[in-house]
Amino acid sequence: MTDNAYFDLEDFLFKERAEVEKALGRSLKYLDRYLPVGLAKPVRDAVMAGGKRLRPILCALVYRKCGGQIGPAAYDLGVSIELIHTYSLMHDDLPCMDDAQLRRGSPTTHKIYGEEIAVRAGLALIPAASLQAIRAIRELGCDEKISQSILIELNCAAGAGGMVGGQYLDLMAEDLMLDSDKLKNVHRMKTGALLTTSLVMGGLAAYASEDKITGLKKYGRAVGLAFQITDDILDETSSSKDLGKNPSDGLLDKVTYVSIHGVEESMRMARDLSDEAVGVLREAGIESPELNAIARYIVERKL
Ligand code: GRG
């Protein structure tokens, strides 16, 4: 299928989400054996709280598009990224960061269980994510070199050169006097790195060529930034009730794409990035109505 007009993204995402939920269930079964009793329920609640599950969906999709034989293990690999994502949301909501009350339509972990439990539950998910990736890599039968590359990819994207570093810069935004270019860099690290790694991990696991991995990185770079610009727009234009989370950045008077460029211009920039992402895929020879439609969805989403 090459024509996006005939591609039903909603149906695709619905079915993929069901696979991701099953994989999350498998992962929690494993985690339950090791987590202290007091952390097992908060971790389970946060992991199973819903959400778009975009990162594991992207990982499994790219694995298939690059020639991998789709099965549970591809989703298990994607779950490693979702575990990092879940910890990041839990910690981002803490009083020392965004102090948010609502996430995915429910009270945040620290609102239910207290701050100490939310810190510990989040921390427990970090090594759990690497172990999850290792189990998935084994199931997928990846060789040592590819396995190492995948683990390096995940940990670099989650770490100081990626998400953690981006969040740090974001928290320091006032002192750093962020302009448009610096903000772009923060967004690329804070949000773009993990989204990009979802694609790259799927590609690596399927032994994609270097050209394809480069194309996936470029696609991820464009959609990652478009995703965060759209988040800034939704923060400004939607209510907590509609978003299921606190539109915090605007309220905290943080520098955002909208505060620098306004809503209209930010929308235009996000749409341009979405077009760029589609073009990059074409150039890299990756034929995927799903990825094309996801690039569009990322800037048109309401959640
Ligand atoms: C100690 C400095 C330091 C950092 C710790 C907290 C943290 C690490 C990082 C925060 C990263 C973060 C929350 C980035 C925002 C990414 C983002 C746009 C999240 C929303 O993603 P969606 O829309 O959420 O995919 P759902 O709920 O659908 O999964």
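Details
- Scanning segment 69-99 for residues that are in contact (Cβ under 8 Å) with a residue 60 or more places away in the chain, open to solvent by less than 50 Å² (accessible area, probe 1.4 Å) and under 21 Å from S27 (Cα atoms) turns up A73, A74, D76, L77, G78, S80, I81, E82, I84, H85, S88.
- For segment 244-255, filtered to residues that are open to solvent by less than 60 Å² (accessible area, probe 1.4 Å) and more than 25 Å from L199 (Cβ to Cβ), the residue that is modelled with the lowest pLDDT is G250.
- Subset of segment 228-241 (residues that are open to solvent by 30 Å² or more (accessible area, probe 1.4 Å) and more than 18 Å from D93 (Cβ to Cβ)): E236, T237
- Condition met for G220 (outside any helix (DSSP H, G or I) and more than 12 Å from the ligand (Cβ to nearest atom)): no
- Some residue of segment 19-34 being modelled with pLDDT of 95 or more, among the basic types (K, R), within 26 Å of G215 (Cα to Cα) and more than 15 Å from the ligand (Cβ to nearest atom): no
A quick yes/no check of all residues on (1) crowded, with 22+ Cβ neighbours inside 10 Å; (2) of a type outside the set (A, V, I, L, M, F, W, C):
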| residue | (1), (2) |
| --- | --- |
| K182 | no, yes |
| T196 | yes, yes |
| A205 | yes, no |
| I213 | no, no |
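- Residue count for segment 26-64 under the criterion of being open to solvent by 10 Å² or more (accessible area, probe 1.4 Å), in contact (Cβ under 8 Å) with a residue 12 or more places away in the chain and of a type in the set (G, A, S): the result is 5.
- Residue in segment 43-61 that is more than 16 Å from the ligand (Cβ to nearest atom), within 30 Å of L169 (Cβ to Cβ) and either more than 14 Å from the chain's Cα centre (by Cα) or at pLDDT 95 or above (or both) present: no
- Per-region count, segment 100-139, residues open to solvent by 50 Å² or more (accessible area, probe 1.4 Å), within 13 Å of the ligand (Cβ to nearest atom) and free of Cβ contacts under 8 Å to residues at least 40 places away in the same chain: 2
- Here I152 passes the criteria (1) open to solvent by less than 70 Å² (accessible area, probe 1.4 Å); (2) in a helix (DSSP H, G or I); (3) farther than 24 Å from V43 by Cβ except the one numbered (1).
- V200 passes every criterion in (1) part of a helix (DSSP H, G or I); (2) within 13 Å of the ligand (Cβ to nearest atom) apart from (2).
- Qualifying positions in segment 171-188 - closer than 17 Å to H261 by Cβ and acidic (D, E): D179, D181
- Residue list for segment 254-302, restricted to those being over 10 Å from T230 (Cβ atoms), within 20 Å of the chain's Cα centre (by Cα) and outside any helix (DSSP H, G or I): T256, S288
- Residues in segment 68-99 that are aromatic (F, W, Y) and either in a loop (DSSP other than H, G, I, E, B) or near the ligand (Cβ under 8 Å from one of its atoms) (or both): Y87 only.
- For beta carbons closer than 7 Å, sequence separation of 6+ or different chains, a first residue in segment 168-196 that is away from the ligand (no atom under 14 Å from the Cβ) and a second that is at pLDDT below 90 and open to solvent by less than 40 Å² (accessible area, probe 1.4 Å), there are no qualifying pairs.
The values are calculated or read from the model by the stated rules, or taken from the named source; none is laboratory data. Since the structure is predicted, the reported quantities are computational estimates derived from the model, not experimental observations. Using ideal geometry, Cβ is built from the backbone for each residue, glycine included, and neighbour counts are taken over all protein chains shown. Side chains are part of the model used for accessible areas, which takes the heavy atoms of the whole protein and leaves out ligands, DNA and RNA. Shrake-Rupley method; radii C 1.70, N 1.55, O 1.52, S 1.80 Å.
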